[in-house]
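Trainee: Below are the structure tokens for one structure; questions will follow.
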Amino acid sequence: AQPVILDGDPGHDDAINFLLALSGSKSASPELEVLGLTTVFGNVSLDRTTRNALIVRELSGVDVPIFAGADRPLVRGRISAEAVHGASGMDGPDLPTPTRGAEAGHAAQLIIETVRARPGEVTLVPTGPLTNLALAFRLAPDIVPMVKQVVWMGGSTDTGNWTPAAEFNALADPHAAQIVFTSGVPLTMFGLNVTHQAIAHPARVAAFRALGTRVGEFAAVLLEFFAGHHRERYGWDGGALHDPMTVAWLLRPELFVSRPMHVEMDLTNGPSAGRTVADVWNVTGQPKNAEVVTGVDADGFFTLLVERLGRYP
Ligand code: BDR
Ligand code: CA
């Protein structure tokens with residue numbers, strides 16, 4: 001099994017990504033070994049994203065350590081997305097009070113220790129601002145060449161969703177993103193250009209509900225709430241299921257197409273601040289530092305999600 005650490009800001013789609021990864025432990029031969037969940041500020045404040053991770057862990061029934069990380073970006077002021085995810089960050093389902101807390105210690109420290117213990121093996125899967133990874137890479141530069149790969153949901157090769165140019169996770173900490181993009185670590189990017197190709201429309205939501213399980217119902221209610229913002233903003237018949245593409249790619253890379261590109265953060269304060277400037281046509285000839293995902297078999301992606309979430313009793 002591939003060892004992974006999932007780092008996110010749950011978040012409706014982060015929560016489904018966690019459940020997708022942890023579903024492996026319900027199988028006799030899991031493809032992934034989830035070594036930990038780490039949390040970061042993002043969609044809502046760190047205390048809320050951490051609480052949501054604790055709730056998802058209890059729902060999954062999987063005993064995985066959870067470490068909280070950064071509560072703010074490296075340089076800029078904090079932004080958040082209550083408008084998309086509700087005040088809790090995971091509005092929709094009834095959210096029980098978690099019975100167990102997070103572990104003592106910082107997310108960046110877990111990343112450092114885990115990567116050092118298994119050099120060359122660990123995949124990092126961030127689905128929020130890249131602050132925890134940037135902190136780990138700065139605190140312990142020795143780990144950078146020991147990370148197997150980073151699989152990130154964030155950015156876009158075309159339009160943004162938080163400004164016309166910038167995607168939320170990229171804009172939330174552009175300096176952290178630049179640290180990761182320039183680190184030399186093998187990096188795969190799932191930007192809006194691909195995640196907007198997989199809309200959780202009502203028939204797809206119904207497939208989760210039809211599982212007839214707690215996890216299936218939880219996912220369906222999450223997706224129904226998540227659809228609200230997408231209906232209003234884009235006129236779509238459901239939410240774009242961004243974050244679970246990362247783990248889906250680790251499980252079934254053949255569902256996706258991608259190309260290597262040079263990607264650079266816009267760190268200026270102009271109208272394109274926080275943009276992931278992707279050299280789609282290689283006009284600069286600069287070294288390609290990211291494998292940028294450009295296409296998905298959306299039906300195959302949702303079939304995989306429903307099948308894997310269906311493993312929970
Ligand atoms: C990203 O921002 C968050 O709202 C989602 O969880 C996803 O990670 C999409 O722009
Ligand atoms: Ca997220």
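Trainee: Of the numbered conditions (1) closer than 19 Å to Gly154 by Cα; (2) within 16 Å of ligand 1 (Cβ to nearest atom), Thr50 satisfies every one except a single condition; which is it?
Mentor: Of the numbered conditions (1) closer than 19 Å to Gly154 by Cα; (2) within 16 Å of ligand 1 (Cβ to nearest atom), the odd one out for Thr50 is (1).
Trainee: Could you go through the stretch 66-79 and let me know if any residue there is more than 30 Å from Gly270 (Cβ to Cβ) and in contact with a Phe, Trp or Tyr (Cβ under 9 Å, 6 or more places away or on another chain).
Mentor: Start the filter on the stretch 66-79 by keeping residues that are more than 30 Å from Gly270 (Cβ to Cβ), which leaves 66-68.
Cutting the leftovers down to in contact with a Phe, Trp or Tyr (Cβ under 9 Å, 6 or more places away or on another chain) gives us none.
Scanning the stretch 66-79 turns up no residue that is more than 30 Å from Gly270 (Cβ to Cβ) and in contact with a Phe, Trp or Tyr (Cβ under 9 Å, 6 or more places away or on another chain).
Trainee: Let me ask another. Looking for whichever is of a type outside the set (Asp, Glu) and more than 18 Å from Ala21 (Cβ to Cβ) here; the options are Thr114, Thr49, Thr97, Thr39. Which one fits?
Mentor: Working: Thr114 fails: more than 18 Å from Ala21 (Cβ to Cβ); Thr49 fails: more than 18 Å from Ala21 (Cβ to Cβ); Thr39 fails: more than 18 Å from Ala21 (Cβ to Cβ).
Criteria check complete, one pass: Thr97.
Trainee: Out of (1) touching a residue at least 60 places away in the same chain (Cβ under 8 Å); (2) within 13 Å of ligand 1 (Cβ to nearest atom), what's the single condition that is false for Thr159?
Mentor: (1)
Trainee: Right, here's the next one. Looking at Arg204, Arg209, can you tell me which residue is among the charged types (D, E, K, R) and surrounded by 20 or more Cβ atoms within 10 Å (Cβ to Cβ)? Write out each step before concluding.
Mentor: On the way: Arg209 fails: surrounded by 20 or more Cβ atoms within 10 Å (Cβ to Cβ).
Checking each option against the conditions leaves just Arg204.
For (1) buried (at least 23 other Cβ atoms within 10 Å of the Cβ); (2) out of contact with any Pro (no Cβ under 6 Å at 6 or more places or on another chain); (3) of a type in the set (Phe, Trp, Tyr), each residue gets a yes or a no:
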site	(1), (2), (3)
Thr195	yes, yes, no
Gly216	no, yes, no
Phe226	yes, yes, yes
Pro260	no, yes, no
Ser272	no, yes, no
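Trainee: Are any of the residues in the stretch 263-277 more than 16 Å from ligand 2 (Cβ to nearest atom), part of a loop (DSSP other than H, G, I, E, B) and farther than 28 Å from Ala83 by Cα? Working first, answer last.
Mentor: Step one: list which residues in the stretch 263-277 are more than 16 Å from ligand 2 (Cβ to nearest atom), which gives 263-273, 275, 277.
In the following step, the residues that additionally are part of a loop (DSSP other than H, G, I, E, B) were identified as 266-273, 275.
Restricting the remaining residues to those that are farther than 28 Å from Ala83 by Cα gives none.
No, every residue in the stretch 263-277 fails to be more than 16 Å from ligand 2 (Cβ to nearest atom), part of a loop (DSSP other than H, G, I, E, B) and farther than 28 Å from Ala83 by Cα.
Trainee: Let me ask something else about it. Residue pairs, Cβ under 7 Å, 6 or more apart or interchain, first in the stretch 171-198 and at pLDDT 95 or above and of a type in the set (Gly, Ala, Ser), second in a loop (DSSP other than H, G, I, E, B) and more than 12 Å from ligand 1 (Cβ to nearest atom). List them.
Mentor: Close Cβ pairs satisfying both conditions: Ala172/Pro73; Ala176/Pro73; Ala176/Leu74; Gly191/Thr157.
Trainee: Any residue in the stretch 35-42 that is within 22 Å of Pro119 (Cβ to Cβ), touching a strand residue (DSSP E or B) at 6+ places or on another chain (Cβ under 7 Å) and surrounded by fewer than 24 Cβ atoms within 10 Å (Cβ to Cβ)?
Mentor: Here is the first cut: in the stretch 35-42, the ones within 22 Å of Pro119 (Cβ to Cβ) are 35-38.
Checking the rest, the ones that are also touching a strand residue (DSSP E or B) at 6+ places or on another chain (Cβ under 7 Å) come to 35-38.
Next cut, surrounded by fewer than 24 Cβ atoms within 10 Å (Cβ to Cβ) only: 35-36.
Checked the stretch 35-42: at least one residue is within 22 Å of Pro119 (Cβ to Cβ), touching a strand residue (DSSP E or B) at 6+ places or on another chain (Cβ under 7 Å) and surrounded by fewer than 24 Cβ atoms within 10 Å (Cβ to Cβ).
Trainee: Under the condition of being of a type in the set (Ser, Thr, Tyr) and farther than 19 Å from Thr294 by Cβ, which residue from the stretch 140-183 is farthest from ligand 2 (Cβ to nearest atom)? Even if it seems obvious, please write down each step before you answer.
Mentor: In the first step, residues of the stretch 140-183 are kept if they are of a type in the set (Ser, Thr, Tyr); the result is 156-157, 159, 163, 182-183.
From what's left, farther than 19 Å from Thr294 by Cβ: 163, 182-183.
Details: Thr163: 17, Thr182: 22, Ser183: 21 Å.
The residue in question is Thr182.
Trainee: Still on this structure: Run Leu222 past the list (1) in a helix (DSSP H, G or I); (2) away from ligand 1 (no atom under 16 Å from the Cβ) and report the number of the one that doesn't hold.
Mentor: Here Leu222 clears every test but (2).
Trainee: Follow-up question, since we're still on this one. If the requirement is being touching a residue at least 60 places away in the same chain (Cβ under 8 Å) and crowded, with 20+ Cβ neighbours inside 10 Å, which of these qualifies: Ile111, Ile79, Ile66? Working first, answer last.
Mentor: Numbers: Ile79 fails: crowded, with 20+ Cβ neighbours inside 10 Å; Ile66 fails: touching a residue at least 60 places away in the same chain (Cβ under 8 Å).
Just one listed residue meets the conditions, Ile111.
Trainee: Tally the residues that are of a type outside the set (Asp, Glu), in contact with a Phe, Trp or Tyr (Cβ under 9 Å, 6 or more places away or on another chain), in a loop (DSSP other than H, G, I, E, B) and farther than 15 Å from Val151 by Cα, restricting the search to the stretch 278-297. Before you say what the answer is, go through the steps one by one.
Mentor: Taking the stretch 278-297 and keeping what is of a type outside the set (Asp, Glu), we get 278, 280-290, 292-296.
Next, only the ones that are in contact with a Phe, Trp or Tyr (Cβ under 9 Å, 6 or more places away or on another chain) stay: 289-290, 292-296.
Remaining after also requiring in a loop (DSSP other than H, G, I, E, B): 289.
Among the residues that remain, those that are also farther than 15 Å from Val151 by Cα are: none.
Within the stretch 278-297, residues that are of a type outside the set (Asp, Glu), in contact with a Phe, Trp or Tyr (Cβ under 9 Å, 6 or more places away or on another chain), in a loop (DSSP other than H, G, I, E, B) and farther than 15 Å from Val151 by Cα number 0.
Trainee: Additional query: Quick one: is Gln197 away from ligand 1 (no atom under 12 Å from the Cβ) and farther than 29 Å from Asp71 by Cβ? Can you show your working first?
Mentor: Values: away from ligand 1 (no atom under 12 Å from the Cβ): yes; farther than 29 Å from Asp71 by Cβ: yes.
Considered against the rule, which asks whether it is away from ligand 1 (no atom under 12 Å from the Cβ) and farther than 29 Å from Asp71 by Cβ, Gln197 comes out as yes.
Trainee: Take the residues in the stretch 162-173 that are crowded, with 24+ Cβ neighbours inside 10 Å, over 13 Å from the mean Cα position of the chain (by Cα) and under 15 Å from Gly77 (Cα atoms), then tell me which one is farthest from ligand 1 (Cβ to nearest atom).
Mentor: Among them, the one singled out is Asp173.
The values are calculated or read from the model by the stated rules, or taken from the named source; none is laboratory data. Since we're looking at a predicted model, the values are computed, not measured. Heads up, the Cβs are rebuilt from the backbone with ideal geometry, glycines too, and the neighbour counts pull from every protein chain shown.
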